[in-house]
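Report on one structure; see the data block that follows.
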Amino acid sequence: MDEHELDLAIRRTAEFIRTSKHVVALVGAGLSAESGIPTFRGKDGIWTKFGEPTIDGWELFRRDPAAWWENAILAREEGSEFSVAIEIAEPNAGHLGMMELEEMGRLAHIITQNVDNLHQKAGSKAITEIHGNRFKVRCMNCGGRDLLSRTRLEQLPPLCGECGGVLKNDTVMFGEPIPDDALRECYRQSALADLFLVVGTSAVVYPAADFPVMAKRRGAPLIEINPEPTALSGLADVVVRAAAGVALPRIVALLRA
Ligand code: OAD
């Protein structure tokens, strides 16, 4: 996409946003790439480099939560490339652009697959974290969430202060069902959406990848912001082939003009 085509795509996106009432965004790892957090798939993805993690995390946790926590604490002390990047990351121009769209009343809700807390750090408010939040724990019994930093880890597994249930980190593991409250909100938002932005996701993980498709089937236009083609590119009404940190501030500027 040359600069002229990009400019046109950005203008069309701003116009779609201007004329819509309930814009919902599905966000993926690409939005945080410019904050120094590697994506999973694609050229610089951590799974491309190191292979996918074991897919039995949820099974291991259910079998022996105390052993799982012991390993998790050790792993945190060692600090993988991914966890160190998340610890030190700050929101980038793309996160700030999304926050500004919300503040301007132009973006109703963010469904994020990211667990890095950067939308909150940027100041966005209406967020559903479909894959959880790395800085939180979640009770397996009552579903309540709390900050990991406030959770006492002397006795493992840690227990919920409200109901005594076993606490797990809030990040959704392979094989683990998406928490009910998050899933319900994603379906609700997808049903309300009259425009869907798909930002920085390869759109291959379900159910997240289904929400824009559901909205599109109901007639909501779909806009993709991603420097690379994805599974959803063919469905998109507008494709913005650029980094989120480049495209989103330009869209905001047009809407402010
Ligand atoms: P992926 O790593 O699959 O895809 C990242 C996407 O971001 C790719 O399509 C890139 O082209 C795009 N991208 C890279 N840099 C970008 C930039 N600066 N601006 C915009 N886009 C950029 O990440 P996800 O789609 O988020 O789940 O992966 C979905 C889920 O797979 C993750 O949430 C994770 C994993 O299983 C869990 O951890 C539960």
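One quarter of the convex hull surface, Cα atoms only: what value does that give for the range 32-120 in nm²?
Here the figure is 7.3 nm², rounded to one decimal.
Simple spin-label estimate for Ile88 and Ala253 gives 3.0 nm between the two label positions (7 Å along the Cα-to-Cβ direction from each Cα). The angle separating the long axis of helix 93-103 from the principal Cα axis of greatest extent in the chain is about 80 degrees.
Rounded to whole numbers, the Karplus 3J(HN,Hα) couplings from phi for the range 128-145 are 10, 9, 5, 9, x, 9, 5, 9, 10, 10, 9, 7, 6, 9, 9, x, x, 10 Hz, using 6.51 cos²θ - 1.76 cosθ + 1.60 with θ = phi - 60°, and x at Gly and Pro.
Per residue, how much accessible area does the range 56-163 show when a 1.4 Å probe rolls over the protein heavy atoms, in square angstrom? Show your work: numbers first, answer last.
Values: 5730 Å² over 108 residues.
Here the per-residue accessible area is 53 Å².
Could you work out the relative contact order of the chain? I mean the mean sequence separation of Cα pairs under 8 Å and 6+ apart, divided by the number of residues, in percent.
Details: 436 pairs, mean separation 68.8, N = 257.
Relative contact order for the chain comes out at 27 percent.
The convex hull defined by the C-alpha atoms of the chain has an orientation-averaged projected area of 13.6 nm².
Going by accessible surface with a 1.4 Å probe and the largest first, Phe82, Phe174 read Phe174, Phe82.
Ranked from the most accessible area to the least, with a 1.4 Å probe and all protein chains present, what is the order of Glu77, Glu228? It would help to have the intermediate numbers written out before the result.
Numbers: Glu77 140, Glu228 110 Å².
Most to least solvent-accessible, the answer reads Glu77, Glu228.
Amide H contacts of Ala242: Asn226, each under 5 Å away and 5 or more positions distant or on a separate chain (H built 1.01 Å from N in the peptide plane; Pro and chain starts excluded). Using the Karplus relation 6.51 cos²θ - 1.76 cosθ + 1.60 with θ = phi - 60°, the per-residue 3J(HN,Hα) values for the range 26-39 come to 9, 10, x, 4, x, 5, 8, 4, 6, 9, x, 9, x, 6 Hz, with x marking Gly and Pro. In straight-distance terms, cross-link reach from Lys216 covers every one of the lysines whose alpha-carbon lies under 24 Å from its own, apart from those fewer than eight places away in the same chain; here that gives Lys21.
Relative to the dominant Cα principal axis of the chain, helix 65-78 is inclined by about 60°.
For the range 128-201, dividing the convex hull volume of the Cα atoms by the residue count gives 112 Å³ per residue. The heavy atoms of Ile55 offer some 120 square angstrom of accessible surface to a 1.4 angstrom probe.
Report the antiparallel proportion of the DSSP beta bridges in the chain as a percent, rounded to a multiple of 5. Mind dumping the intermediate values first?
Details: 7 of 26 bridges.
Of those bridges, close to 25 percent are antiparallel.
The values are calculated or read from the model by the stated rules, or taken from the named source; none is laboratory data. If you're wondering where the values come from, they're calculated on a predicted model, not measured in any experiment. So basically every Cβ, Gly included, is an ideal-geometry build from the backbone, and we count neighbours across all protein chains shown. Remember, those area values only see protein heavy atoms, side chains included, never the ligands or the DNA or RNA. Shrake-Rupley method; radii C 1.70, N 1.55, O 1.52, S 1.80 Å.
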